[in-house]
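The values are calculated or read from the model by the stated rules, or taken from the named source; none is laboratory data. Given the structure is predicted, the values throughout are model-derived calculations rather than measurements. Neighbour counts are summed over all protein chains in view; Cβ atoms, including those assigned to glycine, are modelled from backbone coordinates with ideal geometry. These area figures cover heavy atoms from the full protein model, side chains too; ligands, DNA and RNA do not enter into them. Shrake-Rupley method; radii C 1.70, N 1.55, O 1.52, S 1.80 Å.
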Amino acid sequence: MGCICTKQQVKYDDPAVLAAETCFNEAEIEALHELFRKLSSALKDDGLISKEEFQLGLFRNSKNQSLFSDRIFQLLDSKHDGVIEFAEFVRSLSVFHPEAPQSDKAAFAFKLYDIWETGFIERDEVKVLILAFLDESELMLSDDIVEAIIDKTFEDVDSNGDGKIDQEEWKEFATRNPSLLKNMTIPYLKLATVLSP
């Protein structure tokens, strides 16, 4: 007998409360609600984004699998209940806002790369990430080149030489290399009110 999971209809959270907790203003939150409404009703109109709806929004196909989309979904689903509620969506997207602090962006990126959620980024995780990126980009590199990339990464980031990257080492590396977090900013989030229908 399988697990029967039903999504409940949820209420729309107060934009003023979400604006006070995030980088968004109330008008941007209203525009995000429109986007959320479209995503959450792609397969079932219930006010929640399922993993399939999330992937449908990213890839226009709910069957595509991606390590990065899986990790992002896991991080957006802060309650770990298999769906994303509107408040989770807004709070999580806030880190991608142009005015979000770089330290918040670095912390989110660290969590994204800490696949096994140990509080460290280890060599095996970096290898999994590189191989996933190569696979998703349909690129090929030899094992020697992949190992050289991993070695160089740890040489540059693992300042205490313990074979793993902790949050402080990551933060220092991101501070020295701000372009590393360039993908952590979605300029259109600032323009959400202009882009909303």
So, first residue over 18 Å from Phe133 (Cβ atoms) in region 65-80, second residue small (Gly, Ala, Ser) and part of a helix (DSSP H, G or I), Cβ within less than 8 Å, six or more apart or across chains; the pairs are Leu76/Ser92; Ser78/Ser92
Exactly one of Glu21, Glu30, Glu52, Glu26 is more than 19 Å from Gly82 (Cβ to Cβ), without any contact (Cβ under 8 Å) to a residue 24 or more places away in the chain and open to solvent by 70 Å² or more (accessible area, probe 1.4 Å), and that one is Glu26
Of the residues in region 130-168, those that are in contact (Cβ under 8 Å) with a residue 40 or more places away in the chain, open to solvent by 60 Å² or more (accessible area, probe 1.4 Å) and more than 19 Å from the chain's Cα centre (by Cα) come to Lys164
Picking from Lys79, Lys171, Lys105, the residue that is surrounded by fewer than 17 Cβ atoms within 10 Å (Cβ to Cβ) and either of a type in the set (Phe, Trp, Tyr) or in a helix (DSSP H, G or I) (or both) would be Lys171
Does Ala100 qualify as being of a type outside the set (Asp, Glu) and assigned to a helix (DSSP H, G or I)? no
Original post:
Is there a residue being open to solvent by less than 50 Å² (accessible area, probe 1.4 Å), touching a Lys or Arg at 6+ places or on another chain (Cβ under 8 Å), assigned to a loop (DSSP other than H, G, I, E, B) and under 24 Å from Ser66 (Cβ atoms) anywhere in region 111-128?
Top reply: yes
